[in-house]
Amino acid sequence: MQIKYVLGYILPLQFLKNPTFCPLMASSSSSFVLTGGWTHDVFLSFRGEDTRNNFMDHLHATLVQKGIHVFKDDNMLRRGKLISSELLKAIEESRFAVVVFSENYANSCWCLDELVKIMECQDRMGQKVLPVFYHVDPSDVRRQKGDFATAFQQHEEKFREETDKVNKWRFWRVTQFTKEWDDFTIKMNKWRKALAAAGNLSGWHISAVNGGESSFINEIVQKISGDIQPRGVEKNLIGEDSKRCFGST
């Protein structure tokens, strides 16, 4: 079987003949091998209004100072309702993804679409996802409670309002609305699944009682720069079995 190296993958040549083929959409049994050809060390996913000028700015600066190549969108590629192909490509080509969950993270369809893609890359490409729970409870992320529940309610209300405006000019209103609602429900289920999966990953919980942000930033940078968790970095790292953040409540 003929193969060709493309963007860090070894692909069967027959797949390259199909211009619509995407390695990420292939099943786990498909014949491609990840070779580690990453373009970026880290992709940062965050809600700008919550963290751009504080935690995220400091984290980004510290990563860059350590010589780590960071992709930080900061809304530069956000020019429409749909997530851009450039942003999707940046996620695919990043070795690590740091996802900073904050109060208004789930208010953004962009952030949620980013998260879906990130979790797909974790499952299919071995991307390492590092969640940071920035003044939010990890269980709220995992179970879509609190601010995250409110965000989903707002997404649903906004969808209904926009759809009603459009459907006033349609003769096939009921049928079309049903299809659009089904599509939207599928999208929301993907968001929920991604939040649940990310909420179960080991990460860092930053809160008013957990100490200063600088220590968390240093640990995140050490985790990334060392590729594997260095010794002595376990102090603030939380995991699925941690009673402090991942209890049964």
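Each reported figure results from applying straightforward, stated rules to the coordinates on display, with no laboratory input. Worth saying up front: this structure is predicted, and the values here are computed from it rather than measured. With ideal geometry, Cβ positions are generated from the backbone for all residues, glycine too; neighbour counts draw on all protein chains shown.
Values for this structure:
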{"item": "Amide hydrogen neighbours beyond the local backbone of residue 203, cut-off 5 Å, H modeled", "result": "238, 239"}
{"item": "Contour excess over end-to-end distance, with Cα ends at residue 156 and residue 214 and 0.36 nm allotted per residue", "result": "17.2 nm"}
{"item": "Pairwise FRET efficiency - residue 65 versus residue 189, Cβ, R0 = 41 Å, nearest 0.05", "result": "0.55"}
{"item": "Net length gained if the chain between residue 86 and residue 182 were fully extended (0.36 nm per residue, minus Cα distance)", "result": "31.8 nm"}
{"item": "Cut-off under 5 Å, modelled amide H: who pairs with residue 130 long-range", "result": "97, 98, 99"}
{"item": "Entries of 145/187; 66/187; 193/223 with Cα pairs more than 29 Å apart", "result": "66/187"}
{"item": "Chain lengthening between residue 58 and residue 207 when straightened (0.36 nm per residue, less Cα-Cα)", "result": "52.0 nm"}
{"item": "Efficiency of FRET from Cβ geometry, residue 222 and residue 200, R₀ 30 Å, rounded to 0.05", "result": "0.85"}
